[in-house]
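These notes concern the structure reproduced below.
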Amino acid sequence: MLHTPNSVFRDFVTDGVPSSGTWSPKKSEIRALLDYYGSLANLAFTNGKVYATKAALDADLVPAANTPALVSGDGANDGLYMKVGATGVGSWTRLLDFVPGTQIMHAVDAGAGTPNAIVATSSIGLSTSGSQVVRLDVFETNTASPVTVAFNGGSALTIKTAAGNNVVAGGLTAGPVLGTVSGSTFRLLSDQASAAVLSGAETAAATSVSSAAAALAAANAGFVFDTVADLQAATIPLILDFVRTAGYAAVDDGGGAQYTEIPLITADQPWHKLTNGGTRRWELVFEAGRVNIKQFGAKGDGVTDDLAAGQAAIDYVFAKGGGIVLVPYTDDYYRTTAAWRLKDNVALIGDGSRPKIKKEGAGLTRDTGAVVLNDGYYTASGNENVHVRGLTLQNRYQDFLVPVADSGETIGSMYGIFFAGVTGGSITECHVLDTCAEGIYIGGVDGARDLCSDILVHGNQVENCFASGIAVTHGTRIRITDNLLKNTAIFGIDVEPNTNCVGRDIVISGNVIDGVQATYYKNSTGYGQSNALGISINQGSLPDQVSDVTVVGNTVRNVQRYTAAGINDFASISAAGVFNCTISGNVISESQSGGIILRGNCRSISVNGNGISNVEYTGVYVSASVDIAVAGNTIKGVALSRGISILGASAHVAVTGNIVVDSHTAGILVQSATQVAVTGNSVRDSRSGGARLMTYGIHIGGSVSDAVATGNIIKNTVSDPLRNVDSPTNFLNGGNSEEGTWRIRSDNFHLFHDGGIYKALFMTLTARAASGIANVTLFVDSADNRLKFKDSSANTHVLIPLEATATVDPASLAPGQRTATATIAVTGAALGDIVKASFSLNLAPVRLVAWVSANGTVSYYFENPAALLAGSATYDAASIAAGAEVTTTVTVTGAAVGDAVVGMSHGVDQAGLTIDGYVSAANTVTAVVRNGTAGAIDLASATLRAVVLPVAATDIGSGTLKIRVEK
C-alpha cells in the first residue's frame, strides 16, 4: 500500500487525534513515497509532453488515451495530467498538483516582507494539497506571533508547527525550515526546525542515553534548548550542525540565539559553547550584522554586573568585522562596575526605548572613569567608526551643585561617554546624567595621539554634570547639534584644547542649554570658585589652537554666577583667543551672567543676528580682540551694565545695525580701543521717569583713536545721548539722530560727509555746533579734482573719499576658507581711515574685508564663511511597521549633492523613531525615518526640519575690486 503525504507526515499517531501522541514519520514510508514520485517523474519526462499553460493542454486532444503530460509555469494549474478518451476527443485529468521531480521545492525569503509577514518566491508554483515538501530559507528572526508566509504573490498562509501551534516570537531564526502547504497554513514538518532534526533525534535516542536525553529536551522543537546551560549539558547527535536556544538563562529572557558548530582548533571565546562532554564547539550565529547583549548573559535587572556580558558582545562584533551591539529594553537597568569599551566598526545602540546603563558598585569614586569609552583611548592606534545611539547612561555621582564654600567637591574623571583618538564616530539620541566630570567628552590630553575627527554629537540630553555637559579638548570636524543640556556646572558646551591639542572646524548648532551653575570645588590647595559659561570656546595654552568655529541657532538661558566677583567669567557664550569664528542667530535670556564675551586676542569674529534679553552683565563684550564685527544683534534689558562694550585695546571693530534697549549705564561703550566704527545702531531707554537708567546712548571713552559714530538713532537717555568728553583722537561723528532730530556735534575735532551727491562746488556752510568748524568753504581742487573744504583757519581738508581699483580673481573658496591677505595702493590713505570695498561680480556667499594697514596701503581678503542652510516641511507619515523605514523630502534652498546634513528633527516626540538625512538633489534633502522598535509607530503631523552644512566651493571669477577710503 502506498501512503499519501498527508498520511506519512501526519501530526499524530492516530490522524486527527492529539491524545494519541505526536507522530514520528517512518523512514520506510518516506522512501516508498519518494520512490513513487520518482517513477512518476520518469514517466512524465520519457513519454509525455510539456505545456506552458493549462489552456494549451486542454486545446490539444490529439494524444491517445492514458498519455501523460505536464503543465509547468501556470501557477496553481501546474502538475501531471493524463489523457482520457481516444485521439481527437476526450479531456485531461489531473493526477498530481505539482510537477514530478519537484517533490522538494526551494522557496527563498529575500527580505522583501517583514520578520512576521514573510514574502517568499520559488521557481514554479507550489502544491496546495501538502504533496510537496518546501524548503523555506528564512531571512531573519521573527519578533511576534503568529507569522505568515506568502509564496509567489499568493495569499498569506499562517505558519504552524508540527503540533499545530503558532510559531512563538524568536522561534524562526535565519536559516532553512521544511514544511508543506496545507489549505490556509504552512505546516512545519517539525516544530520550528527542519525535518532532519526528527530523524537525528531518533538516531540519537537509539545510540546513547545522553542523546536520548537531548532528544527529549528538544521535544520536537528542532533541538531548541531552553537555556545555554541546557545546551552545554547536552550530547547532540552528529547529524546536526546547528542548534537554537529559547533564552540565555531562562526561556524568553531575550537571550535566545542560534549556534553553529565550529572546529576545536582555536581558543575558546565567551560566545563559544561546548557540548558532548567538551568534544564539540558551537559559536553564536551573527545574524543580520547584529547581536544583543542578552545573548551574552546580560540581565538588566539592576543587580547583576553586566560588564562582562556587554563587553563580550562588543568583542564578538569586533571579531566579526563590525556591526551592531543592541541593548534591549529592560524594566530596570544594566548595571556595570567599569566602562564598556567600544572597538573599531562597532555601534552600541538601544532598541528605541533608551535602555539605561548605570555604573555603580563598591569602591567606585569620582575618578573611576566613564560608563562607555572607546577601547583605543590614550593609545597611538585610537579607534575608527565608533557609534553610540539611543541609550541612557548614568554615572553614580549626584547632588553636585554645592551652595557652601567649605563643602565643595572635586571635579573628577567620572564621565558619561568618553572618546579619545576616534576617527569617524557619533553619539546620538542618548540621555547622559549624573557625572562627576563631563557628560560627553571628545578629545584627550596628547596632541600626537588623541585627536578626534569627523564626530557627530546629535540629539542627546545631558544633565546633572559637575563639569561640561559636552567638552571638546582635541578635535577637528566636530558637529554638536540639537542637544539639550540641563543643570550642568561650569560649562554647558566647552571647546578648550589641552596642551598641544586643537579645536578646529567645529559647528555648535541648534542646542538648548538650560541652567549652568558656577560653584565651589576642591583642589590641591583648598577650594576654588568656578566660572559659569553656557558655550565656551577657549584657545587653551597656545595661540591658534582653536579656529573655524560656528556657533549658530543655539538657545542659552539660566547661566548663574556664584558671586559678583570676576563677572567676565560668567557668560552665556564666551570666546577667548579664537580665530575665525561666527556667533550667529543665538537666543540668550534669563541669566545672571553676560550675553556674549570675546576676549584674550580673538581675531576675525562675527557676532551677528543674536537675541539677548534679561541678562545682568554686558550684552556683547569685546576686549583685546581684533577684526570684530558686531552686527544686527538685539539686546534688551541689561540689568547692571552696558548693551555693547568695546574695550581693552581692541582694534578694527565694526558695531553696526544693532538694537540696544534698556541697558544700565550706556547703550554702547567704546574705551581703550582703536579703529572702531559705530554706525546705524538704534539705542533707547523705553522706561519712563525715575525708572530710566541708561545714562548715555553711545559713550566714546578714554584712550580711543580712529573712531567713527555715524547714522545712529539714540532716544530717551538720562544724560548725553552721545558722550565723547574724553578727547578721542581722530573721531568722526556725524549724521546721528538724537530724539529724532538730525544734528552735528563738535565737542572736539570732526570731519563728516553724508555720502550723498554734492550739487554745488562752491558754497559757504555754517556749522550749527557750539564750537569747532565754522564758515566752511566747499570747493573742487583743480590740482587733483577732489572735493575739499577750508575751515575758518584756512586749513584745507579732503572731503571726497580716496579711491583705487584693481582686477582681481579670487581663488575657489570652500566654506570656512579665505584668501591670503593682499594689498592695494591708495594714495592718501592713512591708518584710522574708513575703508569701503566693492566687487564687480556677485560675491554671494563670499564676503570682502578691507582695512588701511599702512599709510597709502589698503589690505583685503575674500572669505567664504561657513553657514548653515535650513528647510522644513509639514510631515504626517503613515504608521511605520517595526523594523521598517520610509522616506520623504524637505526643500532646503541652496543645498547641493555632497553637502553634509548635520541635523534632522521632528516637531513631536519621535517615540523611538530615528531620522537621518542626505542631500539627494539640488535644494532637496531626503529624510529616512526608521522604526527600530518592536511595534508600529504612527506619529502625528508636525514640522520636519533639516539643517545642511554646505561643502561646495564658490569660484567668483575675475572682476574689478574697488576700494574707497574715507577720512
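The values are calculated or read from the model by the stated rules, or taken from the named source; none is laboratory data. Being a predicted model, the structure only gives us computed values, none of them experimental. Neighbour counts run over all protein chains shown; Cβ positions are idealised from the backbone, glycine included.
Of all residues in the stretch 334-350, which are surrounded by fewer than 19 Cβ atoms within 10 Å (Cβ to Cβ) and out of contact with any Phe, Trp or Tyr (no Cβ under 9 Å at 6 or more places or on another chain)? Once the filter is applied, which keeps residues that are surrounded by fewer than 19 Cβ atoms within 10 Å (Cβ to Cβ) and out of contact with any Phe, Trp or Tyr (no Cβ under 9 Å at 6 or more places or on another chain), the stretch 334-350 yields T337, A338. In the set (1) farther than 30 Å from K962 by Cα; (2) out of contact with any Gly (no Cβ under 6 Å at 6 or more places or on another chain); (3) assigned to a loop (DSSP other than H, G, I, E, B), the condition left unmet by A882 is number (2). Residues of the stretch 111-133 that are touching a helix residue (DSSP H, G or I) at 6+ places or on another chain (Cβ under 6 Å) and farther than 12 Å from F186 by Cβ: G125, S131. Considering only residues that are under 14 Å from G179 (Cβ atoms) and at pLDDT below 90, look in the stretch 133-148 and name the one that is surrounded by the fewest Cβ atoms within 10 Å (Cβ to Cβ). Going through the qualifying residues, I end up with D137. Being touching a helix residue (DSSP H, G or I) at 6+ places or on another chain (Cβ under 9 Å), of a type in the set (S, T, Y) and in contact (Cβ under 8 Å) with a residue 60 or more places away in the chain is a property that holds for S593. On the stretch given as the stretch 149-167, residues that are surrounded by fewer than 20 Cβ atoms within 10 Å (Cβ to Cβ) and of a type in the set (S, T, Y) total 2.
Cβ separations smaller than 8 Å between residues 6+ apart or across chains give the following pairs from the stretch 669-690 residues that are under 22 Å from A651 (Cα atoms) to residues that are aromatic (F, W, Y) and at pLDDT 90 or above: Q675/W851. Tell me, yes or no, whether the stretch 946-960 has at least one residue that is surrounded by fewer than 17 Cβ atoms within 10 Å (Cβ to Cβ) and without any contact (Cβ under 8 Å) to a residue 40 or more places away in the chain. No, the conditions are met nowhere in the stretch 946-960.
Considering the conditions (1) surrounded by fewer than 21 Cβ atoms within 10 Å (Cβ to Cβ); (2) over 23 Å from G492 (Cβ atoms); (3) among the small types (G, A, S), A639 is excluded by exactly one of them, (2). Among the residues examined, G310 qualifies as buried (at least 23 other Cβ atoms within 10 Å of the Cβ) and either outside the structural domain of E140 (by TED's automatic domain parsing) or more than 31 Å from the chain's Cα centre (by Cα) (or both). All conditions in (1) surrounded by fewer than 19 Cβ atoms within 10 Å (Cβ to Cβ); (2) modelled with pLDDT under 95; (3) over 21 Å from A380 (Cβ atoms) hold for Y415, with the sole exception of (1). Of the residues making up the stretch 556-592, those that are outside any strand (DSSP E or B), among the β-branched types (V, I, T) and at pLDDT below 90 number 2. Restricting A76, A65 to those that are under 58 Å from the mean Cα position of the chain (by Cα), modelled with pLDDT of 75 or more and not assigned by TED's automatic domain parsing to the domain that holds S123 reduces the list to A76. I'd like to know if the stretch 36-55 contains one or more residues that are closer than 29 Å to A150 by Cα, modelled with pLDDT of 90 or more, within 60 Å of the chain's Cα centre (by Cα) and among the aliphatic types (A, V, I, L, M). Checked against the condition, which is being closer than 29 Å to A150 by Cα, modelled with pLDDT of 90 or more, within 60 Å of the chain's Cα centre (by Cα) and among the aliphatic types (A, V, I, L, M), the stretch 36-55 yields at least one hit.
Annotation note: of G300, G310, the sole residue that is assigned to a loop (DSSP other than H, G, I, E, B) and small (G, A, S) is G300. Within the stretch 336-355, residues that are assigned by TED's automatic domain parsing to the domain that holds G912 have Cβ atoms under 7 Å from residues that are outside any loop (DSSP other than H, G, I, E, B) and modelled with pLDDT of 95 or more in no pair, counting only partners at least 6 apart in sequence or on another chain. Among the residues making up the stretch 426-485, a single one is basic (K, R) and within 13 Å of the chain's Cα centre (by Cα): R479. Checked against (1) buried (at least 22 other Cβ atoms within 10 Å of the Cβ); (2) of a type in the set (V, I, T); (3) at pLDDT below 90, V620 passes all but condition (3). So if I check each of L96, L70, L126, which one is crowded, with 20+ Cβ neighbours inside 10 Å and assigned by TED's automatic domain parsing to the domain that holds L178? None of the other options fit; the residue is L126. Please indicate, with yes or no, whether at least one residue in the stretch 321-332 is surrounded by fewer than 23 Cβ atoms within 10 Å (Cβ to Cβ), over 23 Å from the mean Cα position of the chain (by Cα) and of a type in the set (F, W, Y). Within the stretch 321-332, not a single residue is surrounded by fewer than 23 Cβ atoms within 10 Å (Cβ to Cβ), over 23 Å from the mean Cα position of the chain (by Cα) and of a type in the set (F, W, Y).
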